[in-house]
Each structure stands twice: as structure tokens, then as C-alpha cells.
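Rule-based calculations on the coordinates, nothing more; no lab input. A quick note: this is a predicted structure, and the numbers were derived from the prediction, not measured. In this analysis, Cβ positions are derived from the backbone assuming ideal geometry, glycine residues included, and neighbour counts consider all displayed protein chains.
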Amino acid sequence: MGTSRTPRTPRTLRTRRTGTALAVLLLTALAATSCGRSGESPEHDLADARNPRTPADVLLDSRTAAAPASVRAYRSTEARALAYDAWRQSRAHARRTAAARTWGLARAPLLAPLPPAAKPRLTTPRGFETTGGGAGLPPVITRVPTDEKVIFLTIDDGKDKDPELIRMMRELGVPYSAFLSDFLASEDYPYFHEMQDAGVALNNHTLTHPNLRLMPYEAQRREICGQQERLRREFGTAPRLFRPPFGNYNGDSLRAAASCGVEVVPLWEQEVFPDRWAYRRASRSFQPGDIVLTHFRGRADWKGTMPDVVRQVLRKADAEGFAVARLEDYV
Ligand SMILES: [Zn+2]
């Protein structure tokens, strides 16, 4: 049931909140600061006198126009580029720290490491197989095999459409994945367009959220493939990920999903509510690669808002030293 994976180039370069990254940042920032105080070193002046300004210098000047004088004062292109990167990183960190406080967190969430160059091979764990399963069916997973201290946040259904959720996640730079059921999400697809614009993948959770196990193959296919088509028309691409409602599925569900392009069926390891957690394992700690589930719900449905629920996830992740990563980067 494994799926072979091809290497991909990471789309974005992210930096971990690690000792190494901080050391580089501090060193370059210190270099920029001392430069601002004392001006150019004699070495820089000599090098500049010998080397006239190049197009790269001019381009860098335009990029660094918003940077403080201490950064722009470097005459060497390389030094100025390094100081500029350090300044941008420290500014981004300061923004995320400020955002964290705004959203009721003690500090900025850990940043996820670079996505893996090759996606891990996925297999359906014991207890999740279906009878009559066969080659070519999408693997059913509750966690992703990885050694990185990352978890994945997934949000289901699409009932509550709180703009604060999109704003919070954007300001904190936290990735998440949505699994949409058409009968709820279609009440306001523009809300999910905004989510898509923020880089969130919109995945399949059927048209009407039925218990698939009670349905014959053709009816299951209408539910799953109908939502593939609905999401493709609405958002431009059909998802690769499908989650069966209530986590209920059988061999027909997987065969139907495979027939319309589904590659992976992510369930979940832990589920979070405003006032409690539910666990599949005896251990309550996160393990690398755990998939965490919650739902698009608000005070009309339970005792909290979407930001309240996300805050719980981020506090637990921070306490246990985990970053939230993007599921679609790994599966
Ligand atoms: Zn659901």
C-alpha cells in the first residue's frame, strides 16, 4: 500500500529557531550594529576604491532601501547582503513575537524545518487496513514517518468561518490544512479562497458528510469524487488528500477515492476541542509526525472560538518543543 515519492525542491526557505541559526543571526546583526556605530572599516574602503559599483550593487540598493542606515552603510556587496538578511530575519522574528503576544502566546511558535527533499514512504498501519485492499489504493495514516519534531494541524468540515482564524495563522506563520465538506463550506467559499490565498491546502471531506461505511460503492464514489470535482471547479485543482467523515471507511471508500485522484487518506492521532483532547495512544505527548484534528467551529457549537482551539495546540507544541509543519510538504 506504499506510495513511492519523488524528490521535490522546497518552495520556501524557512529558518529554525535553533542555536545555529540564532548564532549566525547574532553574529551578522552584531556586525551590522558595529558597522553602524563606527562606519566602514578601512578594508571595506580599500576594496571599494578598487571595485566600482556593479549592477548587483544597484539591485541590492533597491532591495535594501527600507533597511536601517546601519545595514545600508556596508559598502561591500556581500557584507551588505548578509547584514540585510540578518536584519530581515530579526525583524520577522520580532513581528512573530509581537503577534504571539497579541494572540495570547508567551512566545512565537517554533518554525518548522525545511520540508523533506523526498517525501517519506507511507504505509497503512496495522488496524487500519481494509479487507480486499489492494495495490494502488491510497495509504491510510494517522501520523507521518519523520524524525523531525513536527506535528500537522488539520481542520475539518467548514461550518464556522471565522476571519480571525485566517488572520491569526497568517500573523503567526503557522501552517494548517483544511478538509472541506461541500454542504458546509459552500455557504461561503470566498472565505476558503482567502485561506487558499494564504497558502492553505483545501482537501476533500465529501459532499454531504455521510457515514461512508453504510453506503454502496457507487454512492461513495459520488460523495468522494463529486467533492473532488466541486473543489477543482471552485479552487482550480483537485486535492490529493481525502479524509472520510468520522474516520469511517472501507475498501470501497479507498477504491472510490483512488479512482478520482486521491493519493493519501490522512486520519489523525490526536483531536483537540476547546475544553479537552482525545488521544488514540496511551501517551498524551506529541510524537514526531502526529496529525492533529480539530473542526471549524465556534461559540455556536462549543465553548470557544477557533483562535482558542489553535492556542491550545500551539501552547502544547511549544511546551513539548514541536513545530507545526505543512502536511502537504510531507505527504
Ligand atoms: Zn467531518
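Here is how the numbers come out for the structure above:
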| read-out | value |
| --- | --- |
| Proximal charge balance of R221 [Cβ under 12 Å; K/R count +1, D/E count -1] | -2 |
| 18 Å tail of the calculated P(r), region 106-177, as % of Cα pairs | 59 percent |
| Over 22 Å (Cα to Cα) - which of K119/K149; K161/K303; K159/K316; K119/K159 fall in this group | K159/K316; K119/K159 |
| Linear extension gain, R315 paired with D61, 0.36 nm per residue minus alpha-carbon span | 87.4 nm |
| Dipole magnitude (debye, nearest 20) for region 83-182, charges at Cβ of Lys, Arg, Asp, Glu | 500 debye |
| Kirkwood-based Rg to Rh ratio, region 140-330, C-alpha trace | 0.94 |
| Pairwise centroid distance, computed over Cα atoms, of region 95-127 with region 139-165, Å | 10 Å |
| Estimated D of region 133-227 in µm² per second, where Rh is the Kirkwood radius over Cα pairs and Stokes-Einstein applies at 25 °C, 0.890 mPa s | 161 µm²/s |
| Å³ per residue enclosed by the Cα convex hull of region 172-241 | 91 Å³ |
| Region 123-198: relative contact order as a whole-number percent, Cα under 8 Å and 6+ apart | 29 percent |
| Kirkwood-based shape ratio for region 262-328, expressed as Rg/Rh from alpha carbons | 0.97 |
